[in-house]
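The values are calculated or read from the model by the stated rules, or taken from the named source; none is laboratory data. None of these values were measured; they are calculated from a predicted model. Note that each Cβ is placed from the backbone with ideal geometry, even for glycine, and that neighbours are counted across all protein chains shown.
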Amino acid sequence: MDDVKIFAPASVANVGPGFDVLGFALEGIGDIVKARRVTGKGVRLTHIHNDGGRLPLDPAKNTASVAAQQVLEKLGIRGEGIELELEKGLPLNSGLGSSGASAAAGAYAALKLFGNGQNKEEALEACVKAEGVASGFHADNVAPALLGGVVLIRSYTPLDFIRIPFSASVYVTLVKPDIEIRTRQAREALPRKVPLAGLVKNTGNVAALVSGFFLNDPATIGKAIDDCLIEPVRQKLIPGFREAKQAAIEAGCLGCSIAGSGPSVFALSESKKTAKAIGEAMRSAFTAKGLGATKIVSCISSFGARSM
């Protein structure tokens, strides 16, 4: 195989209380990497589309090329390299795992070209290392972007994860107000200490979330999307968040919180009709605060990075 075209989906990280340990892939939106084998060593990034010229072409500073390079090194490839072209389908600094989708697409492209796409799980560490150049060492976006579905990160040292089976019909409403929040900015806002009662509550909710996914129980999942530690701090960075969340609740959502580091907000529901109504309600709440906003209705995707 001399060339491939790979799609990797957007993702929602944290899922409320699961800070840095839980995420799920989304359907229909993501990034695309076109890759081909070339003579010479390493990875070259030739073009980036739809980023407004904001992302670096330097292969040592872009998550797609860094992840691909990590896979080449892991496979022990010598004397051959990869030429990459990245097409951004995700807005930057949106909380939807934009850098993670690029990393997953780049890593899987390298794996397809030189490893026949086998052992996709082994490419996760390459993706996590690539994320380090953009937003720090965490896997709750890149794991679902690479593997699909719902993924729990059990440990970072060593890296260990659990793929959680989930097949219930749940719709995901995403609303992004017209602001950007850099992941590093959102992490700087995090509390340095947390109360024991809050830790206990969030731990119980993460356990309930995982149980809800395993049991295909949307009601339990929705009830467990309750973050008393991170959301109260990060919501200050998102004008209109409280009003948008209240609007989602009144429109019938199962649960609602900040997608990743924000500013996108996600809500879950059991019907497409309700999901659309939630989106309109949240968008109106942001508009009332003087912010434009875009909405997307998606589903939890069982597919991660894949050939097109």
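A few points about this structure:
- Of all residues in the range 246-277 being in contact (Cβ under 8 Å) with a residue 60 or more places away in the chain and among the β-branched types (Val, Ile, Thr), the one that is surrounded by the most Cβ atoms within 10 Å (Cβ to Cβ): Val265
- Of the strands (runs of 3 or more DSSP E) contained entirely in the range 225-302, those carrying at least 1 residues that are of a type in the set (Gly, Ala, Ser) and closer than 27 Å to Pro191 by Cα fall at 255-258, 265-269.
- Flag for Gly28 being within 15 Å of the chain's Cα centre (by Cα) and either within 30 Å of Ile258 (Cβ to Cβ) or in a loop (DSSP other than H, G, I, E, B) (or both): yes
Here is a yes/no grid of residues against (1) farther than 20 Å from Phe166 by Cα; (2) surrounded by fewer than 22 Cβ atoms within 10 Å (Cβ to Cβ); (3) free of Cβ contacts under 8 Å to residues at least 40 places away in the same chain:
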| site | (1), (2), (3) |
| --- | --- |
| Phe214 | no, yes, no |
| Ile221 | no, no, no |
| Gly279 | yes, no, no |
| Met282 | yes, no, no |
| Leu291 | yes, yes, no |
| Ser302 | no, yes, no |
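- Comparison of Ser94, Ser102 shows that the only residue that is at pLDDT 95 or above and either outside the structural domain of Leu26 (by TED's automatic domain parsing) or in contact with a strand residue (DSSP E or B) (Cβ under 6 Å, 6 or more places away or on another chain) (or both) is Ser102.
- Filter result for Phe19 (in contact with an Asp or Glu (Cβ under 8 Å, 6 or more places away or on another chain) and either under 30 Å from Ala189 (Cβ atoms) or at pLDDT 90 or above (or both)): yes
- Hey, Asp160 within 27 Å of Val297 (Cα to Cα) and acidic (Asp, Glu) or not: no
- Any hit, the range 81-98, residues being within 13 Å of the chain's Cα centre (by Cα), of a type in the set (Ser, Thr, Tyr) and on the phi < 0 side of the Ramachandran plot: yes
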